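Scroll down for the structure; my scribbles are underneath it.
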Amino acid sequence: MTQNNQNNNDTNMNNNFADLLEDSYSENERMEPGQMIEATIVKIIKEWIFINLGGKSEGHIEASELIDGDGNLTVKEGDTIKAYFISSKNDELLFTTKISSTKAGYALLERAYDSEIPVEGLVENEIKGGYHVKIGDLRAFCPYSQMGLMRTENPDQYIGQNLSFKITEFSENGRNIVLSNRSILEEKRKEQVEALKKSLQKGMKVKGTVTSIQKFGAFIDLDGVHALLPISEISRGRVDEIHKELSIGQEIEAAIINLDWENERISLSIKEILPDPWEEAKMKYKEGSRHTGQITRLTNFGAFVNLEPGLNGLIHISDLGAGTRINHPREVVQKGKEIEVKISSLDTEKKRISLKPVVNVQKEENYQKFLDNKNDSYKPMGNLGNLLKDKLNKKDEK
């Protein structure tokens, strides 16, 4: 290879490198304000977070955007985040994850509306149909239906909070701005669902926080995703008043009994992780033993008695009348009352316990003793009978 050829190759290589470098700058210069990218965090310093833009250059984001209420960073180096291009100055590319109230202005908010960039606003007060939200020097409106993921019984809980919103309507030169906080939360929820799909499995134990209590059960927050705890799965025993068992903000541990990612439904059970009382029932409730329970339900065929949470026995209607025919258990017993019973039979496989009221059992035993003349220990008259007997004997002797 001649010296001239070598020089030409070096020149071409330098030109190609220069062209590639120029192209990389050109690509960044062509970025439109509001353009969304996904980038990896490469460095974090006190005030700035630097992101990698495809290996060609770096962008930066104000660290204050990604700090939680306790002043802690919510990201770390190596994380991938979504960011929106704001501007370029002195070859420095500025990005944002949301437009804060300090940055907000008419032009920037209009850009945020066009590019669906999240904005931050202060919820000032309630008005008809929703809330006044202050974004910079402008005021916007957020309907009740677009605040939070779920309907709340205390709408004033949002007042005074700085929240993230999407601008859903921007008209009349900024005099009519409509917001949605719900759309932000739904996007975040989708990301959380995708993450949970990789970690949650049916049957596993999870911890969560009670966020809402209804007649049919409670909603539990699992890292941002809501699961349902049906009232029937709260305890081994019957739960009549759910508010006596759970409270808002309470942390619980439960097992996942159903995972339906297609419909985004997760069902939990506390009952599933509680000890099964039937496992020890055979030793604890032997035939003939006596126990005290509470009458929980009356039916046409008998009365159900709760011996302990998750363990119920049945007194058949034929054993309730003490020898007298009755048409319904309510004629002789009441729901909620305590009753002493005797274990008549126990079947742990079928999970059935047959009971008899101790009062009736005692009457049957006394009656049997009365019929059994050979049983000298049966003295229904007690000491009074003995006295009368002695007196009659003395009379005969005279």
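Read-outs throughout are calculated quantities, based only on the coordinates presented, and are distinct from any laboratory measurement. Please read all numbers here as calculations on a predicted model, not as lab measurements. Glycine gets a Cβ as well: all are built from the backbone with ideal geometry, and neighbour counts include every protein chain shown.
Structure above, values below:
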{"item": "Residue-wise HN-Hα coupling along the stretch 126-136, computed from phi with Karplus coefficients 6.51, -1.76, 1.60 (Hz; x: Gly, Pro)", "result": "8, 9, 4, x, x, 9, 8, 10, 9, 10, x"}
{"item": "Using θ = phi - 60° and Karplus 6.51 cos²θ - 1.76 cosθ + 1.60, couplings along the stretch 35-44 (whole Hz; Gly, Pro as x)", "result": "5, 9, 9, 10, 9, 9, 6, 9, 7, 10"}
{"item": "Cβ-based exposure ranking for SER269, SER318, in which fewest neighbours within 10 Å come first", "result": "SER318, SER269"}
{"item": "Amide H partners (placed H, <5 Å) of LEU93, local residues excluded", "result": "HIS60"}
{"item": "Cα-Cα over 18 Å, subset of LYS244/LYS271; LYS282/LYS335; LYS128/LYS188; LYS207/LYS271", "result": "LYS282/LYS335; LYS128/LYS188"}
{"item": "Footprinting exposure proxy for VAL193, VAL305 (fewest neighbouring C-beta atoms within 10 Å first)", "result": "VAL193, VAL305"}
{"item": "5 angstrom amide H check on LEU179, placed H, neighbours 5+ away", "result": "PHE141, CYS142, THR168"}
{"item": "Radius 11 Å from Cβ of ALA254, net charge of other residues (Lys, Arg +1; Asp, Glu -1)", "result": "-1"}
{"item": "Sorted by Cβ neighbour density within 10 Å, fewest at the top, the residues LEU66, LEU229", "result": "LEU66, LEU229"}
